[in-house]
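**Student:** Before we start, here is the structure in question, set down as structure tokens.
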Amino acid sequence: MARNSLTHYLIRCEREHGIDPNLRLLIETVARACKTISHAVGKGALWGGGADGGVLGSAGSTNVQGETQKKLDVIANEILVEANEWGGHLAGMASEEMDNPLGIPVAYPRGHYLLLFDPLDGSSNIEVNVSIGTIFSVLPAPAGMADDDDEAQHFLQPGHRQVCAGYAVYGPQTMLVLTVGHGVVTFTLDRDTGSFVLTQENNRVPPDTREFAVNMSNARHWDAPMKRYIDECLAGKEGPRGKDFNMRWIASMVSDVHRIMQRGGIFLYPWDKREPDKPGKLRLMYEANPMAMLIEQAGGAATDGRQRILDIVPTRLHQRVSVMIGSKNEVEYVTGLHAATSRAAA
């Protein structure tokens, strides 16, 4: 018996949940782009041949955040833009790698959705062959948005307005994890047929965990409630939590969240005092919002330490945010520590 493909699943969502057929076509276009990116990632130094390292190494440029771009960052961004600009499903696109939103060329039809993406999350891992990924989010285009309008303000919608969120992880298998607001499903790329095949339905994040993911080298820069939480975890059975914890850290949000999606845990990227004017390091629109939607749809939770991420009203396209995401009870516990500190300060 043949397994269900991504297309079969989305058609089922059309019939059972009434999702827009144009949203289905948009998701299929993004999935095809992710397959192309997976192919580029898999080729590595072989792509293009010669002594230039193929697609590996620096692109010699920086993005809007001042971060050095890898060749694959630029290639992945171009793949997603070129795949989506002409299909007629979008009114605009925004990327972590582009300073400003990208309007749809006047030669192409325009749709009713906005696409946001981090084309290659965890790109610092490219050269060492560790799993990386693509994160994407779909928002409705505001009513009355003009055909030639590509202003950033149209993208500044809270995360609960998302109609779709997903990520592709490029590891031993290429997997696509997706929600259209009716739970979370996982597809695995069948390299023989070129199809994403449904391999897990109704993904659920266990509410409790003994595993956390955080960059411990930043501990000296954290604020008090974050330090307290990690100290309690490290104290193990003898400490206030009464259980031993394991730490995992891949330095790729896609990979760390994917592990949590499969077996639970908590991923933390908090504010730190090195850049006190910035709420955090991760991007609200391209990383935190889509991952928060996915985790909540799977029964988990996501906050910035003080409020639900999906309720944050963005004020800037490349806005940053603290992230605490994963198993519901653990996220609520660490969020409670931050709330108690805020009450005490008040």
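**Student:** Under the condition of being of a type in the set (Asp, Glu) and in a helix (DSSP H, G or I), which residue from the stretch 5-22 is surrounded by the fewest Cβ atoms within 10 Å (Cβ to Cβ)?
**Tutor:** The residue in question is Glu16.
**Student:** While we're here: Is it the case that some residue within the stretch 135-144 is in a loop (DSSP other than H, G, I, E, B), touching a strand residue (DSSP E or B) at 6+ places or on another chain (Cβ under 7 Å) and farther than 27 Å from Ser322 by Cβ?
**Tutor:** Yes, the stretch 135-144 has at least one match.
**Student:** Could you count how many residues in the stretch 88-139 are at pLDDT below 90, of a type in the set (Ser, Thr, Tyr) and closer than 22 Å to Lys281 by Cα?
**Tutor:** 2
**Student:** In the stretch 240-261, how many are assigned to a helix (DSSP H, G or I) and surrounded by fewer than 20 Cβ atoms within 10 Å (Cβ to Cβ)?
**Tutor:** 1
**Student:** Which ones in the stretch 306-346 are at pLDDT below 95 and in contact with a Ser or Thr (Cβ under 9 Å, 6 or more places away or on another chain)?
**Tutor:** Arg306, His338
**Student:** Could you give every pair whose Cβ atoms fall below 7 Å, whose first residue belongs to the stretch 192-216 and is free of Cβ contacts under 8 Å to residues at least 24 places away in the same chain, and whose second residue is surrounded by 12 or more Cβ atoms within 10 Å (Cβ to Cβ), counting only separations of at least 6 or pairs across chains?
**Tutor:** From residues that are free of Cβ contacts under 8 Å to residues at least 24 places away in the same chain, the pairs are Gln200/Val185; Gln200/Thr186; Glu201/Val185; Asn202/Gly183.
**Student:** With respect to the numbered conditions (1) surrounded by 14 or more Cβ atoms within 10 Å (Cβ to Cβ); (2) modelled with pLDDT of 95 or more; (3) more than 30 Å from Ala40 (Cα to Cα), which one is the sole condition not fulfilled by Pro142?
**Tutor:** For Pro142, the failing item is (2).
**Student:** Give the stretch 74-90 a look and list any residue that's part of a helix (DSSP H, G or I) and either touching a strand residue (DSSP E or B) at 6+ places or on another chain (Cβ under 7 Å) or of a type outside the set (A, V, I, L, M) (or both), or say none.
**Tutor:** Those that are part of a helix (DSSP H, G or I) and either touching a strand residue (DSSP E or B) at 6+ places or on another chain (Cβ under 7 Å) or of a type outside the set (A, V, I, L, M) (or both): Val74, Ala76, Asn77, Glu78, Leu80, Val81, Glu82, Asn84.
**Student:** Anything in the stretch 94-113 that is within 14 Å of Pro142 (Cα to Cα) and either buried (at least 23 other Cβ atoms within 10 Å of the Cβ) or of a type in the set (S, T, N, Q) (or both)? List them, or say none.
**Tutor:** None; the set is empty.
**Student:** A further question on this structure: Using the structure shown, decide if Gly171 is of a type outside the set (A, V, I, L, M, F, W, C) and on the phi > 0 side of the Ramachandran plot.
**Tutor:** Judged against the criteria, Gly171 is not a match.
**Student:** Is the stretch 45-63 home to any residue that is closer than 24 Å to Pro172 by Cβ, assigned to a helix (DSSP H, G or I) and modelled with pLDDT under 90?
**Tutor:** For the stretch 45-63, residues closer than 24 Å to Pro172 by Cβ, assigned to a helix (DSSP H, G or I) and modelled with pLDDT under 90: present.
**Student:** Right, here's the next one. Output the residues belonging to the stretch 201-228 that are in contact with a Lys or Arg (Cβ under 8 Å, 6 or more places away or on another chain) and assigned to a strand (DSSP E or B).
**Tutor:** Those that are in contact with a Lys or Arg (Cβ under 8 Å, 6 or more places away or on another chain) and assigned to a strand (DSSP E or B): Glu211, Phe212, Ala213.
The values are calculated or read from the model by the stated rules, or taken from the named source; none is laboratory data. Predicted, not measured: the structure shown is a model, and the values here were computed from it. Neighbour counts run over all protein chains shown; Cβ positions are idealised from the backbone, glycine included.
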